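Notes to accompany the following structure.
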Amino acid sequence: MDVSVVIPVFNEEGNLRKLFSRLCAAMDALGRSWEVIFVNDGSNDKSGEILREFCAERPENVKLIDFNGNFGQHTAIISAFERVSGDIVVTLDADLQNPPEEIGKLLERIDQGCDAVGGYRKQREDSPLRKYASKIVNFARDKMTNIRMKDQGCMLRAYRRNIVDAIVRTNERSMFIPALAYTFAARPDEVEVEHAARAVGESKYSLYKLVRLNFDLITGFTLVPLQLFTIFGFLTSIGSLALVVLLFFRRFFLGAEAEGLFTLFAILFFLVSVAMVGIGLIGEYVGRIYQVVQARPKYIIKETVGFKNDGK
Ligand code: UDP
Ligand code: MG
């Protein structure tokens, strides 16, 4: 098998048929053998039934992993990565934001010897708020980690099989697949891709889910936030010591000071809130360690369709 396309699906009933017909046309045109693995991530609309119809329509091309609940986009992708048979693996969103016609472009770069090819969106069609927040996290990631990519949020990507196998072997919980692939790749590259507004429905990422995802990225790839805290702690303790010495002498030479009560509060509130952020930050790392130690299954499958050996 040449190419495996992996598509996570969470309540995308309005998009699937169009996606499937465009995907089939684009993949057939490439002249390579291919499969698509859809992962139904606990949809509670008709997505599951529609995906089963696709399996019946083109059994030689379509496979389905049907989850028992909603385990998240990246976990859904991992479950498919564990079962791909292609030499090249492509990921893609189900909402038609990533045009399937662009897959050929990614495969071309893979053929030229790259092992992880990411798409970056020429003209991103999302809300201004999303785009702005994305710029900030891309900037933070660029400064804090040694992952260099233009557009970490674009999920239209292609990987050589050895990269996908390496991702499967890391037994991490909260993983950010594009970044992980980048760290395993010997020759990563990026190509410009088109991006469309979501065809039907709304983004499945609430603000909370987005924040969680970006914490996964930062905590998974750098300890810089913790180190910044240590440095900040050092600097404030030096500053506080200087203040203690100053006030000590002041008290002896000028007498006790009673003013400045609210200045003191302001400083104190600031430092206490910084300390709370620090505790939260440590919690982000510790919580992830906890999840790995618990070693619960990452996902639970209700049924698979189209795999040999029941997809085990
Ligand atoms: N998705 C998923 N599980 C989730 C959330 C999203 O499988 O818990 C899928 C979703 O169906 C889509 C892709 O992941 O195929 C990207 O989601 P979405 O388009 O909502 O994200 P956005 O484009 O807003 O970043
Ligand atoms: Mg989308």
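Any read-out appearing in this document is the output of simple, stated calculations on the displayed coordinates, not a laboratory observation. Fair warning: this is a prediction, and the values are worked out from it, not measured in the lab. Using ideal geometry, Cβ is built from the backbone for each residue, glycine included, and neighbour counts are taken over all protein chains shown.
For the range 104-118, does any single residue satisfy the condition of being touching a residue at least 60 places away in the same chain (Cβ under 8 Å) and within 19 Å of residue 202 (Cα to Cα)?
no
Collect the residues in the range 180-198 that are near ligand 1 (Cβ under 10 Å from one of its atoms) and touching a Gly at 6+ places or on another chain (Cβ under 9 Å), keeping them in residue-number order.
195 - this is the single residue of the range 180-198 that is near ligand 1 (Cβ under 10 Å from one of its atoms) and touching a Gly at 6+ places or on another chain (Cβ under 9 Å).
So which of 255, 287 is small (Gly, Ala, Ser) and loosely packed, with under 10 Cβ neighbours inside 10 Å?
255
Which residue, of 119, 113, 104, is in contact with a helix residue (DSSP H, G or I) (Cβ under 8 Å, 6 or more places away or on another chain) and away from ligand 2 (no atom under 16 Å from the Cβ)?
Being in contact with a helix residue (DSSP H, G or I) (Cβ under 8 Å, 6 or more places away or on another chain) and away from ligand 2 (no atom under 16 Å from the Cβ) holds for just one of 119, 113, 104, which is 104.
Can you say whether residue 77 is part of a helix (DSSP H, G or I) and within 9 Å of ligand 1 (Cβ to nearest atom), as far as the supplied structure shows?
yes
Here are some residues: 115, 93. Which one is within 16 Å of ligand 1 (Cβ to nearest atom) and either within 24 Å of residue 165 (Cα to Cα) or touching a His at 6+ places or on another chain (Cβ under 9 Å) (or both)?
93
Would you pick out the residues in the range 150-206 that are in a loop (DSSP other than H, G, I, E, B), away from ligand 2 (no atom under 15 Å from the Cβ), more than 25 Å from residue 287 (Cβ to Cβ) and touching a helix residue (DSSP H, G or I) at 6+ places or on another chain (Cβ under 7 Å)?
If the condition is that a residue be in a loop (DSSP other than H, G, I, E, B), away from ligand 2 (no atom under 15 Å from the Cβ), more than 25 Å from residue 287 (Cβ to Cβ) and touching a helix residue (DSSP H, G or I) at 6+ places or on another chain (Cβ under 7 Å), then 185 is the only one that fits.
Does residue 52 meet the test of being part of a loop (DSSP other than H, G, I, E, B), among the charged types (D, E, K, R) and more than 21 Å from residue 194 (Cβ to Cβ)?
no
Would you point out the residue of the range 148-174, among those that are buried (at least 20 other Cβ atoms within 10 Å of the Cβ) and among the β-branched types (Val, Ile, Thr), that is nearest to residue 19 (Cα to Cα)?
Only one residue fits best here, namely 164.
Go through (1) surrounded by 17 or more Cβ atoms within 10 Å (Cβ to Cβ); (2) touching a residue at least 40 places away in the same chain (Cβ under 8 Å); (3) farther than 28 Å from residue 184 by Cα; (4) not basic (Lys, Arg) for residue 69 and report which single condition fails.
(1)
Within the range 224-244, track down each residue that is in contact (Cβ under 8 Å) with a residue 40 or more places away in the chain and over 29 Å from residue 260 (Cβ atoms).
Scanning the range 224-244 gives 224, 225, 226.
Are any residues in the range 96-107 away from ligand 1 (no atom under 16 Å from the Cβ) and either within 15 Å of residue 64 (Cα to Cα) or more than 20 Å from the chain's Cα centre (by Cα) (or both), and if so, which ones?
101, 104, 105, 107
All but one of (1) out of contact with any Asp or Glu (no Cβ under 7 Å at 6 or more places or on another chain); (2) on the phi < 0 side of the Ramachandran plot hold for residue 99; state the number of the condition that does not hold.
(1)
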